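Novice: This structure is in structure tokens; I'll ask about it shortly.
The values are calculated or read from the model by the stated rules, or taken from the named source; none is laboratory data. These numbers come from a predicted model, not from an experiment. Every residue, glycine as well, gets a Cβ built from its backbone with ideal geometry; the counts of neighbours run over all protein chains shown.
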Amino acid sequence: MLPAALAAMGDKATEFMRPLWRDLAQAASAHAYDAALPQSYSAGLYLRCGNAEAAIASVHAIAQHDDNVDALHWLAVARYRIDGLDACRIPLMRLALHRPERLSSLISEIEDPLLNREWQAFQATCHWLDSDDGSAGAWFPAWHLIEHPATPIDCGGLASMPATRAVQAFTVIARLLELEKHGYGASLISARSRLRDLDSDMFDFYMARRIVSHR
């Protein structure tokens with residue numbers, strides 16, 4: 001439907017389709033989320049018709065939505081449209097930790113200039129990661145904590161996250177940022193050793209940023 005409208009109407013297609021998406025969203029709101037058919041759930045349809053508030057309400061109706069990748073995607077887009085980049089960072093980072101291969105498409109959909117620059121900086125800085133590896137985006141939250149320590153990101157409960165090195169590194173780096181507030185000590189040394197054991201390249205990047213920040 002949308003490709004045909006775009007071909008026939010160009011830039012006017014989005015506005016033409018908006019009430020149709022709204023009708024579909026309202027009809028779909030009576031149905032529960034089905035992981036096999038996420039495109040038919042009301043949250044994504046509400047985003048298509050421009051109703052971000054209704055999309056968020058639909059996301060919250062999904063059981064364990066904080067660990068559902070489709071829900072996190074819709075929530076990040078909806079929060080961005082309502083309150084901007086800072087409001088969408090938590091679901092975006094949770095999605096990166098859960099399903100990193102979905103991160104690039106989410107960033108493209110949000111289409112925020114600052115977020116795009118951060119994504120490009122992450123890829124350039126973490127040159128040891130394989131850009132063709134879909135799982136590389138799982139390290140974006142860890143990179144962000146190190147690169148922007150004054151903007152901590154609380155991703156909520158991490159117990160339900162996959163036990164990947166990227167998730168573990170994110171947890172350790174978040175702890176390091178807290179420990180650094182209390183000065184140099186045994187706990188900080190231990191946490192740094194843990195990060196080095198998890199990933200020596202990310203540890204080297206972390207230490208390089210610490211040296212720069214203390215000059």
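Novice: So SER190 fits all but one of (1) at pLDDT 95 or above; (2) within 18 Å of PRO100 (Cβ to Cβ); what number is the exception?
Specialist: Among (1) at pLDDT 95 or above; (2) within 18 Å of PRO100 (Cβ to Cβ), the lone unmet condition for SER190 is (2).
Novice: Take LEU158 and decide whether it is in a helix (DSSP H, G or I) and either at pLDDT below 95 or not charged (D, E, K, R) (or both). Steps first, answer last, please.
Specialist: Working: in a helix (DSSP H, G or I): no; either at pLDDT below 95 or not charged (D, E, K, R) (or both): yes.
No.
Novice: Here is a follow-up. Might you check whether a residue that is in contact with a Gly (Cβ under 8 Å, 6 or more places away or on another chain) and more than 23 Å from GLY156 (Cα to Cα) occurs anywhere in the stretch 37-50? Steps first, please.
Specialist: Taking the stretch 37-50 as the starting set, the residues that turn out to be in contact with a Gly (Cβ under 8 Å, 6 or more places away or on another chain) are 38.
Those still in the list that are more than 23 Å from GLY156 (Cα to Cα) too: 38.
Yes.
Novice: Which numbered condition in (1) modelled with pLDDT of 95 or more; (2) closer than 20 Å to TRP143 by Cα is the only one that HIS60 fails?
Specialist: (2)
Novice: Restricting to the stretch 63-106, name every residue that is on the phi > 0 side of the Ramachandran plot and modelled with pLDDT of 95 or more.
Specialist: At the first step, the residues of the stretch 63-106 found to be on the phi > 0 side of the Ramachandran plot are 64, 84.
Scanning the stretch 63-106 gives a single hit, GLY84.
Novice: For the stretch 110-139, enumerate the residues that are surrounded by 13 or more Cβ atoms within 10 Å (Cβ to Cβ) and under 21 Å from VAL69 (Cα atoms). I'd like the intermediate steps shown before the answer.
Specialist: Here is the first cut: in the stretch 110-139, the residues surrounded by 13 or more Cβ atoms within 10 Å (Cβ to Cβ) are 110, 112, 115-116, 118-119, 121-123, 125-126, 128-129, 134-139.
Passing the criteria: ILE110, ASP112, LEU115, ASN116, TRP119, GLY134, SER135, ALA136, GLY137, ALA138, TRP139.
Novice: Out of everything in the stretch 161-208 that is in a helix (DSSP H, G or I) and among the hydroxyl-bearing types (Ser, Thr, Tyr), what residue ends up being farthest from ALA124 (Cα to Cα)? Please lay out each step first, then the result.
Specialist: Narrowing the stretch 161-208 to residues in a helix (DSSP H, G or I): 165-180, 186-198, 200-208.
Restricting the remaining residues to those that are among the hydroxyl-bearing types (Ser, Thr, Tyr) gives 171, 187, 190, 193, 200, 206.
Working: THR171: 23, SER187: 31, SER190: 29, SER193: 25, SER200: 17, TYR206: 15 Å.
Checked the stretch 161-208; the qualifying residue farthest from ALA124 (Cα to Cα) is SER187.
Novice: Ok, one more. Just to be sure I understand, how many residues within the stretch 49-82 are closer than 18 Å to MET161 by Cβ, of a type outside the set (D, E, K, R) and assigned to a helix (DSSP H, G or I)? First the steps, then the outcome.
Specialist: The first filter runs over the stretch 49-82 and keeps only residues closer than 18 Å to MET161 by Cβ, leaving 62-73, 75-76.
Adding the requirement that they be of a type outside the set (D, E, K, R) leaves 62-65, 68-69, 71-73, 75-76.
Narrowing further to those that are assigned to a helix (DSSP H, G or I): 65, 69, 71-73, 75-76.
Residues flagged as closer than 18 Å to MET161 by Cβ, of a type outside the set (D, E, K, R) and assigned to a helix (DSSP H, G or I) within the stretch 49-82 amount to 7.
Novice: What are the pairs, 6+ residues apart or on separate chains, where a residue within the stretch 36-65 that is buried (at least 22 other Cβ atoms within 10 Å of the Cβ) has its Cβ under 6 Å from a residue that is assigned to a loop (DSSP other than H, G, I, E, B)?
Specialist: TYR41/TYR33; SER42/SER29
Novice: Let me ask another. Restricting attention to the stretch 132-162, report how many residues are in contact with a helix residue (DSSP H, G or I) (Cβ under 6 Å, 6 or more places away or on another chain) and within 16 Å of LEU103 (Cα to Cα).
Specialist: 11
Novice: Which residue pairs have Cβ atoms under 8 Å apart, sit 6 or more places apart or on different chains, and have a first residue in the stretch 87-102 that is in contact (Cβ under 8 Å) with a residue 24 or more places away in the chain and a second that is among the polar types (S, T, N, Q)?
Specialist: Going by the 8 Å Cβ cut-off, the qualifying pairs are LEU97/THR164; PRO100/SER135; GLU101/SER135.
Novice: Related question: So, of the residues in the stretch 106-141 that are assigned to a helix (DSSP H, G or I), small (Gly, Ala, Ser) and free of Cβ contacts under 8 Å to residues at least 24 places away in the same chain, which turns out to be farthest from PHE205 (Cα to Cα)?
Specialist: We begin by selecting, within the stretch 106-141, every residue assigned to a helix (DSSP H, G or I); these are 106-110, 113-125, 134-141.
From the residues that got through so far, the ones that are small (Gly, Ala, Ser) too are 108, 121, 124, 134-138.
Narrowing the set further to residues that are free of Cβ contacts under 8 Å to residues at least 24 places away in the same chain leaves 108, 124.
Working: SER108: 26, ALA124: 12 Å.
Looking at the filtered set, the residue picked out is SER108.
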